[in-house]
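Trainee: My questions will all concern the structure given below.
The values are calculated or read from the model by the stated rules, or taken from the named source; none is laboratory data. Given the structure is predicted, the values throughout are model-derived calculations rather than measurements. Note that we place each Cβ from the backbone using ideal geometry, even for glycine, and neighbour counts take in every protein chain shown. For the accessible areas, the whole protein counts, side chains as well, though only heavy atoms, and no ligand, DNA or RNA atoms are used. Shrake-Rupley method; radii C 1.70, N 1.55, O 1.52, S 1.80 Å.
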Amino acid sequence: PFTVGADGRVDFDPQIGYASGRGTTTLAVQGLPVTVDATSLTAQAFSIAPATGWLNSRTSQVVRLLPGRYSFTVAGSTPVPFTVGADGRVDFDPQIGYASGRGTTTLAVQGLPVTIDATALTCQAFALSPTTGWIPAHPAAGQPRLLPGSFTFVSCPAGRTFPLVLTPAGTFDYNPGLTGVSGRGTSTLVVG
């Protein structure tokens with residue numbers, strides 16, 4: 001909150017550390033610097049809703065946020081809700097085991113480690129749409145780090161596709177009637 005005097009000058013609580021311009025005709029709101037580290041994720045981009053557009057997850061990003069509620073978002077994944085306090089420190093549900101940084105000015109989202117073995121496919125790569133780019137299928141199994149959410153397994157441009165879910169526990173779920181797929185209820189998905 002701020003006030004504007006009869007002379008057009010702004011005033012606000014001097015304890016507010018993310019704004020400047022008290023006693024002038026210009027109110028400048030800079031926000032608080034929060035570092036977001038999503039470099040462990042396989043996803044190539046993330047956003048902080050409702051504050052930012054898509055940001056590159058390959059490097060840590062410093063975003064300037066006002067105190068309030070936000071969500072760390074990756075396409076296809078369940079958003080990670082968090083808050084920013086008046087001191088710029090982040091907080092989130094401590095039961096979210098794939099994020100860290102509570103009580104600091106850095107939100108780190110590491111995701112859940114999973115194994116996807118698609119080496120039996122003739123395709124050279126697979127993706128979990130819309131989150132990942134192409135992951136090499138040969139010679140070794142792909143080991144992405146993902147957030148819980150709903151994905152579509154895609155192999156090659158005209159290859160096999162099917163929907164699947166990664167649960168908050170880090171296990172895969174999919175239609176049990178799928179043939180050539182195993183690992184339901186575990187963190188290892190095998191596609192043949």
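Trainee: For segment 174-192, enumerate the residues that are in a strand (DSSP E or B), of a type in the set (S, T, N, Q) and under 24 Å from the mean Cα position of the chain (by Cα). Please lay out each step first, then the result.
Mentor: From segment 174-192, those in a strand (DSSP E or B) are 181-182, 188-191; that's our starting set.
In the following step, the residues that additionally are of a type in the set (S, T, N, Q) were identified as 182, 188.
If the condition is that a residue be in a strand (DSSP E or B), of a type in the set (S, T, N, Q) and under 24 Å from the mean Cα position of the chain (by Cα), then T188 is the only one that fits.
Trainee: If a residue must be crowded, with 16+ Cβ neighbours inside 10 Å and more than 21 Å from G133 (Cβ to Cβ), how many such residues does segment 68-78 contain?
Mentor: Counting residues in segment 68-78 that are crowded, with 16+ Cβ neighbours inside 10 Å and more than 21 Å from G133 (Cβ to Cβ) gives 1.
Trainee: How many residues does segment 107-122 hold that are over 16 Å from G170 (Cα atoms) and within 20 Å of the chain's Cα centre (by Cα)?
Mentor: Number satisfying all stated conditions: 2.
Trainee: Output the residues belonging to segment 141-173 that are hydroxyl-bearing (S, T, Y), crowded, with 18+ Cβ neighbours inside 10 Å and in a loop (DSSP other than H, G, I, E, B).
Mentor: Kept after step one, since they are hydroxyl-bearing (S, T, Y), are these residues of segment 141-173: 150, 152, 155, 161, 167, 171.
Cutting the leftovers down to crowded, with 18+ Cβ neighbours inside 10 Å gives us 155, 171.
Answer for segment 141-173, where residues must be hydroxyl-bearing (S, T, Y), crowded, with 18+ Cβ neighbours inside 10 Å and in a loop (DSSP other than H, G, I, E, B): just T171.
Trainee: Confirm whether T39 is over 23 Å from R145 (Cβ atoms) and polar (S, T, N, Q).
Mentor: No, not satisfied.
Trainee: Within the set of pairs 6 or more residues apart or between chains, which connect a residue that is farther than 15 Å from Q30 by Cβ and open to solvent by 90 Å² or more (accessible area, probe 1.4 Å) inside segment 2-18 to a residue that is part of a loop (DSSP other than H, G, I, E, B) and small (G, A, S) with Cβ atoms less than 7 Å apart?
Mentor: If the second residue must be part of a loop (DSSP other than H, G, I, E, B) and small (G, A, S), the pairs left are R9/G23.
Trainee: Quick one: count up the residues across segment 1-41 that are assigned to a loop (DSSP other than H, G, I, E, B), among the hydrophobic types (A, V, I, L, M, F, W, C) and under 34 Å from the mean Cα position of the chain (by Cα).
Mentor: Residues of segment 1-41 that are assigned to a loop (DSSP other than H, G, I, E, B), as a first pass: 1, 5-9, 13-18, 21-27, 30-31, 38-41.
In the following step, the residues that additionally are among the hydrophobic types (A, V, I, L, M, F, W, C) were identified as 6, 16, 27, 38, 41.
From what's left, under 34 Å from the mean Cα position of the chain (by Cα): 16, 27, 38, 41.
The total comes to 4.
Trainee: Answer yes or no: is there a residue in segment 44-55 that is modelled with pLDDT of 95 or more, of a type in the set (S, T, Y), farther than 28 Å from F153 by Cβ and part of a loop (DSSP other than H, G, I, E, B).
Mentor: No, segment 44-55 has no match at all.
Trainee: Another question about this same structure. For the subset of segment 81-127 comprising residues that are open to solvent by 70 Å² or more (accessible area, probe 1.4 Å) and polar (S, T, N, Q), which member is farthest from G17 (Cα to Cα)?
Mentor: T122
Trainee: Please enumerate the residues belonging to segment 19-38 that are exposed (fewer than 15 other Cβ atoms within 10 Å of the Cβ) and under 29 Å from L112 (Cβ atoms).
Mentor: P33
Trainee: Filter segment 56-67 down to residues that are in a strand (DSSP E or B) and open to solvent by 50 Å² or more (accessible area, probe 1.4 Å), then give me how many there are. Steps first, answer last, please.
Mentor: Going residue by residue through segment 56-67, those that are in a strand (DSSP E or B) are 56, 61-65.
Imposing the further condition that a residue be open to solvent by 50 Å² or more (accessible area, probe 1.4 Å) reduces the set to 56, 62, 64.
Of the residues in that region, 3 qualify.
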